[in-house]
1. Among the aspartates and glutamates, select those whose C-alpha is under 13 Å from the C-alpha of Lys67, and discard any that sit fewer than 8 residues away in the same chain.
2. Any idea what the alpha-carbon Rg over 2.2 N^0.38 Å comes to for the chain?
3. Which entries in Lys10/Lys95; Lys74/Lys149; Lys108/Lys131 show an alpha-carbon gap greater than 19 Å?
4. When the Cα atoms of the stretch 30-87 are enclosed in a convex hull and the volume is divided per residue, what value in Å³ results?
5. Expected output is a single nm value to one decimal: the length gained when fully extending between Ser52 and Gln127, i.e. 0.36 nm times separation in residues minus the C-alpha distance. What is it?
6. Which residue, Gly76, Gly59, Gly150, tops the fluctuation ranking in a GNM of the chain built on C-alpha contacts under 10 Å?
7. Using a Förster distance of 41 angstrom, determine the FRET efficiency expected from the C-beta separation of Thr19 and Lys104, and round it to 0.05.
8. With unit charges on the beta carbons (Lys and Arg positive, Asp and Glu negative) and the dipole taken about the Cα centre of the chain, which residue among Gly156, Ala134, Val48 sits farthest to the positive side?
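Any read-out appearing in this document is the output of simple, stated calculations on the displayed coordinates, not a laboratory observation. Fair warning: this is a prediction, and the values are worked out from it, not measured in the lab. Here the Cβ positions follow ideal geometry from the backbone for every residue, glycine too, while neighbour counts run over all protein chains shown.
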Amino acid sequence: MIRTIPNFPKQGIMFRDVTTLLKNPIGFNYVIDQFVKRYEDMDIDYVVGIESRGFILAGAIAYRLNKGFIPVRKPGKLPYDVDSIEYELEYGTDKLEIHLDALKEGDKVILIDDLLATGGTSRAAAQLIEKRGAKVIEFGCIVELPDLKGREKLNGYPVYNMIEFEGD
């Protein structure tokens, strides 16, 4: 149910598009059910989603777990006071933000996104959560691209994926 789009967003990239999975009610429900089964017995306080497809998953997971949802967003998207972190990309830098009052010391969260590629955004989100005094219990995603070594950037954080796509 995951579509592969060759040469997107640039030549040589095989983009793994989960929107085809999300639009399929059986596929979408299956994914949410798998996350819920994994996390229902874990001691967590919140589900944190990374912009933007992570929001879709994390919101549904939080609802099913009866936990709060917290967004981690790109700059300028959150309306209240924020904490931010700047991180390195392949070419340049980017930034993520979270509301100052979103988390407190000792909160336990799972961090959710659709895909783990190079790990830069996921690592920055985890560090931002820790800056607020909270603990990342696990990073969860649908797709992991192991050839891009994102798991290495998340060294120290448990990582859960549902499927891996290796090579081209």
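1. Filter leaves Glu40, Asp41, Asp43, Asp45, Asp107.
2. Compared with the compact-globule rule of thumb, the chain sits at 1.00.
3. Table pairs above 19 Å Cα-Cα are Lys10/Lys95; Lys74/Lys149.
4. Here the figure is 108 Å³ per residue.
5. 25.2 nm
6. Gly76
7. Here the calculated transfer efficiency is 0.75.
8. Working it through, the farthest residue towards the positive pole turns out to be Val48.
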